[in-house]
Amino acid sequence: MRALDVANLFIERHSDLGLSNSSLNKLVYYAQVESLATTGKPLFDSRIEAGDYGPVEPEVYQAFEQYGKQPIQHAAPSGHPVDGRALREAEKIVDAVAEEYKDFTAFDFLVWSQRPGSAWSNVRKQGGNPPITRQDILRSRDREKPTASDTLASCIESVGEEYPNTFRLLADA
């Protein structure tokens, strides 16, 4: 299975998430993390790179770059047959990852994927767009599960609770 096949599963099964290219790349990456953590095996064999904005699968990025920051409307032709058993396993992982990260915005993915101890932050020190290997993932904090407090929406809500007039003052400014 390739990363593009996994990306297509996210688009086909979870289009309600309004996936941009950037968010889709992060979900595909976290599907790989989930597969390594739960099965000990990679979900796909495509290369992952430490791009400027977090982990990126070049094949996935290129297949959907025409959408820019807009929601992706259609899966991309993969031209690659996928084994039925592998497909069922991938669907389980894709569904679990979509549920885990359903409240994440593109900004949340950016911050989460680049936090200290992430595979991205560990390999990016080398400069350029180095590969993120399976070993890099397993040695990283990327297997940690996010909580609701890890989202931008949660942070905004907590500011509003602690400082009730903050947003009124900003609106009046």
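Does the range 59-66 contain at least one residue that is modelled with pLDDT of 95 or more, in contact with a Pro (Cβ under 9 Å, 6 or more places away or on another chain), at negative phi and not polar (S, T, N, Q)? So far as the range 59-66 goes, yes, one or more of its residues are modelled with pLDDT of 95 or more, in contact with a Pro (Cβ under 9 Å, 6 or more places away or on another chain), at negative phi and not polar (S, T, N, Q).
A residue that is over 13 Å from the mean Cα position of the chain (by Cα) and surrounded by 14 or more Cβ atoms within 10 Å (Cβ to Cβ) can be found somewhere in the range 97-115. For the range 28-48, state whether one or more residues are among the polar types (S, T, N, Q), over 23 Å from residue 136 (Cα atoms) and out of contact with any Ser or Thr (no Cβ under 7 Å at 6 or more places or on another chain). No, there is no match, as no residue in the range 28-48 is among the polar types (S, T, N, Q), over 23 Å from residue 136 (Cα atoms) and out of contact with any Ser or Thr (no Cβ under 7 Å at 6 or more places or on another chain).
Taking residues in the range 103-122 that are in contact (Cβ under 8 Å) with a residue 40 or more places away in the chain, and partners anywhere that are charged (D, E, K, R), the pairs with Cβ atoms closer than 6 Å and at least 6 places apart or on different chains are 109/26; 113/26; 119/136; 119/142. The numbered conditions (1) over 16 Å from residue 132 (Cα atoms); (2) touching a helix residue (DSSP H, G or I) at 6+ places or on another chain (Cβ under 6 Å) are all true for residue 60 except (1). Scanning the range 116-133 for residues that are loosely packed, with under 13 Cβ neighbours inside 10 Å and small (Gly, Ala, Ser) turns up 117, 127, 128. Taking the options 50, 90, 76, 98, name whichever one is part of a strand (DSSP E or B) and at pLDDT 90 or above. Of the residues listed, the single one that is part of a strand (DSSP E or B) and at pLDDT 90 or above is 50. Reported count of residues in the range 20-47, each being modelled with pLDDT of 95 or more, acidic (Asp, Glu) and under 16 Å from residue 4 (Cβ atoms), is 0. Being over 19 Å from residue 59 (Cβ atoms) and either touching a Cys at 6+ places or on another chain (Cβ under 9 Å) or exposed (fewer than 13 other Cβ atoms within 10 Å of the Cβ) (or both) is the filter here; which residues of the range 69-82 pass it? Across the range 69-82, the qualifying residues are 69, 70.
The values are calculated or read from the model by the stated rules, or taken from the named source; none is laboratory data. Please read all numbers here as calculations on a predicted model, not as lab measurements. Cβ atoms come from the backbone with ideal geometry, glycine included; neighbour counts cover every protein chain shown.
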